[in-house]
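Quick note: the coordinates plus some simple rules give every number you see, no bench work behind them. Predicted, not measured: the structure shown is a model, and the values here were computed from it. All Cβ positions, even for glycine, are placed from backbone atoms using ideal geometry, and neighbour counts span all protein chains on display.
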Amino acid sequence: MTKVLVATEKAFAKVAVDGIRKIVEGAGFELALLENYTEAADLLKAVADADALIVRSDKVTAQVLEAAKKLKIVVRAGAGYDNLDLEACTKHGVVAMNTPGQNSNAVAELVVGFMVFMARLKFSGKSGSEIRGKSLGIHGYGNIGRIIARDAIALGMKVYAFDPYVKKAEEGVELLASLDELYSKSQYVTLHIPATAETKLSVTHALVSRMPKGACLINTARKEVIDEDGLLKLMAEREDLRYVADVAPDKLDEFNKFGDRVFFTPKKMGAQTSEANINAGLAAAEQIVKFIKNGDKTFQLNK
Ligand code: 3PG
């Protein structure tokens with residue numbers, strides 16, 4: 001019988017797992033669960049007899065693919081797929097997919113929450129500020145960026161965006177020609193770029209230093225896109241600058257020395273809502289069923 005393994009270091013909400021089970025078993029397949037595991041060895045063992053795999057940010061390395069002798073498809077239930085070794089997937093004849101857009105609203109809402117939280121001085125009780133009338137720069141205008149733009153406009157913010165791959169934005173969003181311009185004009189900048197060779201370390205001291213006084217940088221994307229040494233240096237130079245992230249930096253202790261000016265969630269939680277778990281988890285299960293039954297390769301990443 002076709003076996004679908006859900007391997008999640010950070011488990012889906014139960015309601016999402018129930019939904020995945022319904023789809024998988026409804027198709028006549030078997031569901032196996034490996035949730036909240038802490039050792040890579042557990043994953044290596046669990047994938048041994050799996051035909052299909054659903055993961056979140058779990059690392060699907062060459063070693064995992066080597067151990068997964070029967071594997072035909074892996075679906076990253078989410079958007080960013082920097083955790084999948086696509087070359088190794090191709091080498092092992094495994095189709096790799098993601099579920100773009102399915103968890104975008106959850107991340108967008110967290111960004112709005114982060115802006116209010118930082119504007120209100122981390123709910124300290126001191127007199128903070130409001131986000132209405134402030135400017136927001138969206139760095140990377142994809143599924144998440146578009147939702148944030150709509151939300152921010154509704155909240156009365158002035159919205160700018162930059163994305164080298166996007167030529168037109170929705171009404172009310174000013175698409176800018178350069179990153180320098182985006183950072184110069186934005187009191188808040190929110191990052192929505194993937195971690196690629198092109199973007200890693202691309203948020204530099206020089207770029208962030210363009211932001212106006214009292215600025216706040218928001219990172220719900222990936223820690224790798226930040227030049228941490230550059231940002232640490234800038235935060236030491238500029239007492240007004242703040243940094244909030246859902247993807248804790250490698251140099252967490254050094255950033256935490258800035259106290260009230262920084263905030264990091266204890267665990268990446270941008271996509272951690274029941275709704276996002278259901279959307280992404282069920283989409284992943286459906287994509288697997290369609291692939292195994294009909295050879296449907298929509299959303300394949302390693303073409
Ligand atoms: C994504 O790329 O979809 C998000 O970063 C969510 O990641 P998670 O599933 O590990 O929460």
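Quick notes on this one:
- Most fluctuating residue given options 161, 197, 67, as computed from a GNM of the chain linking Cα atoms under 10 Å: 197
- Directionally averaged shadow of the chain, computed from the convex hull of its alpha-carbon atoms, nm²: 16.1
- Note, ³J(HN,Hα) from phi for the range 214-226, Karplus 6.51, -1.76, 1.60, rounded to Hz, x at Gly and Pro: x, 6, 9, 9, 10, 10, 10, 9, 9, 5, 5, 6, 8
- Only Lys, Arg (+1) and Asp, Glu (-1) charged, at Cβ; the chain dipole about Cα centre in debye: 420
- Note on the range 104-264: Kirkwood hydrodynamic radius from all Cα pairs is 15.5 Å, rounded to one decimal.
- Whole-angstrom gap from the range 231-293 to the range 14-56, using each part's C-alpha centre: 24
- Zero-based 5 Å bins, Cα pair distances in the range 21-153, whole percents: 2, 9, 15, 15, 13, 11, 10, 9, 7, 6, 3, 1
- Calculated FRET efficiency, residue 177 to residue 45, Cβ-Cβ distance, R0 = 51 Å: about 0.50 to the nearest 0.05.
- For the range 194-289, the list of chymotrypsin sites (Phe, Trp or Tyr not before Pro) that fall in a loop by DSSP and count at most 16 other C-beta atoms within 10 angstrom reads 258.
- Dipole magnitude for the range 118-270: about 440 debye, using +1 per Lys or Arg Cβ and -1 per Asp or Glu Cβ, origin at the Cα centre.
- Couplings 3J(HN,Hα) for the range 236-242, derived from phi with the Karplus relation 6.51 cos²θ - 1.76 cosθ + 1.60 (θ = phi - 60°), are 6, 6, 10, 6, 8, 7, 10 Hz, where x marks Gly and Pro.
- The range 198-205 - phi-based ³J(HN,Hα) in whole Hz, Karplus 6.51/-1.76/1.60, Gly and Pro as x: 6, 9, 4, 6, 7, 8, 9, 3
- Using a Gaussian network model of the chain in which every pair of alpha carbons under 10 angstrom is joined by a spring, one finds that among 225, 166, 107 the greatest mean-square fluctuation is at 166.
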